[in-house]
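Undergrad: Dropping a structure here in C-alpha cells format, bear with me for questions.
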Amino acid sequence: MKKIVAIVAVLVVACGLVFAGGTADTKGGSAFIGLAMPETHVERWQKDGAALLADAVAKGYKAEVAYGDADQTKQNQQIQDFLTKGAKLLVIGSVNEGVASVVADAAKEKAIVIAYDRLITGSKDYDYYITFDNYKVGQFQGKALETALKLSEATKAAPKKITMFAGSPTDNNAKVFFDGAIDVLRPYVESGALVLVGPAPLKSSDAAFTKITTENWRADIAKTRMENLLNNDAKNVVLDGILAPNDTLARAIIEACATDAKYAKGKLPVVTGQDGEIASIAYIRDGKQYMTVFKDTRKLAAATIVLADALLKGQAPNIPGARLDTTSYDTGMKKVKAYLLEPVIVTKANYKAVMVDSGYYKESDIK
Ligand code: BGC
C-alpha cells in the first residue's frame, strides 16, 4: 500500500512539474497543438491558456501554451517555435495584425490555425475563428447604460451625460464591442436625451473612434485619459455614466473618478465592463462598478479543443453551444467561419449565480 502511495506521489509531482512549465505531454505520438495567448495583464488570458492546455491534454494531445506580453514580435517568435516543434495546429489569440506573417508560415507547413477570441485580420491563410458574440457584448454594455440611466425617460431639456472608452485600436474586437454599444445608445444621442462628453464617435469607422481607443488595453493609458477628461471636457459636468469596454479599464477609470470630489462616496458614474474579472466582481458587489459581461473562458476553451480535434481528424466540426456565422467575419482578404458563444450580463443582482454558483470563483476569494 505504502509503495502504491509513493508511486502515485511521484507521478503527481512529475505531472505537476510538467504543468508548471506550461507544457504537457500525455499520450506520446499524438499531434502537438501550440496555444498562443496575447498577454497576461488582462486576467482572463491566463484562464484561457490553462483551460486550453488542460482540455487539449485531456483529449490526448501534446500541447504547450505561451503568452505574448502584448508584443507581436514576441508572440511571432513563440509561434515560430511551435512550428519548429512540429505543431499540427495553432490556437492563436493574437496581439495585432502583425501575426499574419506567421499564420502564412503555418499554412506553408500545413499547420491548421484557429483564430481564438480575436479575429486575425489581413490574412487569407486560415479558415476558422472561435469567439463570443462580441457585438452582443457591446449591446449588453449599451443596454446597461440605457437601463441604469433610464434613458427612455431622459429628454433634451434634462439629458444624461456619459463619456466613452474603447479597447485597443489594433484589436478587431474593440470595434465590434463599440458598435454593439453605440447602436443601442445612438437614438438617444440623436434625440438629445444623451450627451456624449469628450470625443463622440457614432460608429467605430468614425475618425473620432481613434480618440477613445486604448492602446493594447492598457489600464494606465485609460486612467490617464480619464484624468485628462476630468480636467478638461468633463470638468464642469457631472457624468452619469461611462462606457468602459472591459473590467481592467473600468477599474482604472473608476480609480481616476474616485479622486474627483464630484464622485466621492457613492456618487460614482454608472460604469460598464467585461470579462467578469474577480476584482470587478468585488467592485460590482460593493456598488463601484455597475456591470460586467461574463465570457466563460472554460466554455470557449472546451469548444476550441472540440473544434481542433475535429479539424485534426478531418471531421466536420460540431460545436455544442456555438452558433456558426459564415458571413460576418471578414479578414479583409476572405470570410472565415466563425463559431460564436453566448456572453452573459452580470450585475449585483446575479453575480453570485453566474460567477460563484457556476464554480468560476469561490465567494471567499472575492475580496
Ligand atoms: C477580449 C476581451 C479582453 C480584451 C483585453 C479582447 O480581445 O475579447 O475579453 O478584455 O481583449 O485583453
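Undergrad: When a/c reaches 1.5 or more, the comparison of a/b and b/c decides; with that in mind, is region 134-294 rounded, prolate or oblate per its Cα gyration tensor?
TA: Verdict is rounded for region 134-294.
Undergrad: Considering the convex hull of the alpha carbon atoms of region 76-226, report its projected area averaged over all viewing directions, in nm², one decimal.
TA: 10.0
Undergrad: Assuming 0.36 nm per residue, please report the length gained on full extension of the stretch residue 238 to residue 109 beyond their Cα-Cα distance.
TA: Here the segment from residue 238 to residue 109 would lengthen by 40.8 nm.
Undergrad: Got a sec to turn the phi values of region 64-69 into Karplus ³J(HN,Hα) couplings, 6.51 cos²θ - 1.76 cosθ + 1.60 with θ = phi - 60°, whole Hz, x for Gly and Pro?
TA: Couplings: 9, 10, 9, 10, x, 6 Hz.
Undergrad: Let me ask you something else. Using only alpha-carbon positions, what ratio does the radius of gyration of the chain give when scaled by 2.2 N^0.38 Å?
TA: 1.05
Undergrad: Please determine, in degrees from 0 to 90 and to the nearest 10, the orientation of helix 247-258 with respect to the longest principal axis defined by the Cα atoms of the chain, where the helix direction is its Cα long axis.
TA: Between the helix axis and the principal axis of the chain, the angle is about 30 degrees.
Undergrad: Cross-link candidates for residue 143: which aspartates and glutamates have Cα within less than 18 Å, leaving aside residues fewer than 8 places away along the same chain?
TA: 133, 153, 179, 183, 190, 240, 247, 275, 342
Undergrad: Using a 1.4 angstrom probe on the protein heavy atoms only, could you order 277, 227, 64 from most to least accessible area?
TA: If we order 277, 227, 64 from most to least accessible, we get 227, 64, 277.
Undergrad: Using a Gaussian network model of the chain with C-alpha springs under 10 Å, which one of 252, 193, 308 is most mobile by mean-square fluctuation?
TA: Greatest mean-square fluctuation among the candidates belongs to 193.
Undergrad: Also, quick follow-up: So what's the Cα pair-distance distribution over region 227-367, bin width 5 Å, in %?
TA: Percent of Cα pairs in each bin: 2, 9, 15, 15, 14, 12, 11, 9, 7, 3, 2, 1, 0.
Undergrad: Taking the Cα of residue 342, stepping 7 Å toward and past its beta carbon, and measuring to each backbone N in region 282-313: which are under 15 Å?
TA: Residues 294-296, 299-300 qualify, since their backbone N sits under 15 Å from the label point.
Undergrad: Quick one: helix 219-231 against the long Cα principal axis of the chain, what's the angle to the nearest 10°, folded into 0 to 90?
TA: Tilt of helix 219-231: around 0 degrees.
Undergrad: Given the options 322, 264, 256, which has the most mean-square fluctuation in a GNM of the chain, springs set between C-alpha atoms less than 10 angstrom apart?
TA: Looking only at 322, 264, 256, the biggest GNM fluctuation is shown by 264.
Undergrad: Take the chain, connect every pair of alpha-carbon atoms lying under 10 Å apart with a spring to form a Gaussian network, then pick out the residue of 295, 265, 211 with the largest mean-square fluctuation.
TA: Highest fluctuation of the listed residues: 265.
Undergrad: About the Cα centre of region 127-219, what is the dipole size in debye to 20, counting +1 per Lys and Arg Cβ and -1 per Asp and Glu Cβ, all else neutral?
TA: Charge dipole of region 127-219: 380 debye, to the nearest 20.
Undergrad: Leaving ligands, DNA and RNA out of it, work out the accessible area of residue 160 with a 1.4 Å probe and give it in Å² to the nearest 10.
TA: Looks like 60 Å² after rounding.
Undergrad: Considering only protein heavy atoms, what per residue accessible area in square angstrom results for region 134-294 with a 1.4 angstrom probe?
TA: 39
Undergrad: Also, I was wondering about something else. Quick check: at a probe of 1.4 Å, how many percent of the accessible area of the chain sits on carbon and sulfur atoms?
TA: Answer for the chain: carbon and sulfur cover 55 percent of the accessible area.
Undergrad: Okay, moving on. Between their Cα atoms, which of 124/335; 150/175; 223/352; 59/299 are more than 18 Å away from each other?
TA: 150/175; 223/352
Undergrad: Which whole-angstrom value gives the distance between the alpha carbon centres of region 28-102 and region 267-342?
TA: 17
Undergrad: Taking the Cα atoms only, what angle lies between the long axis of helix 72-84 and the longest principal axis of the chain, rounded to 10 degrees?
TA: For 72-84 against the chain, the angle is about 20 degrees.
The values are calculated or read from the model by the stated rules, or taken from the named source; none is laboratory data. All values reported here derive from a predicted model rather than from experimental measurement. Glycine gets a Cβ as well: all are built from the backbone with ideal geometry, and neighbour counts include every protein chain shown. Remember, those area values only see protein heavy atoms, side chains included, never the ligands or the DNA or RNA. Shrake-Rupley method; radii C 1.70, N 1.55, O 1.52, S 1.80 Å.
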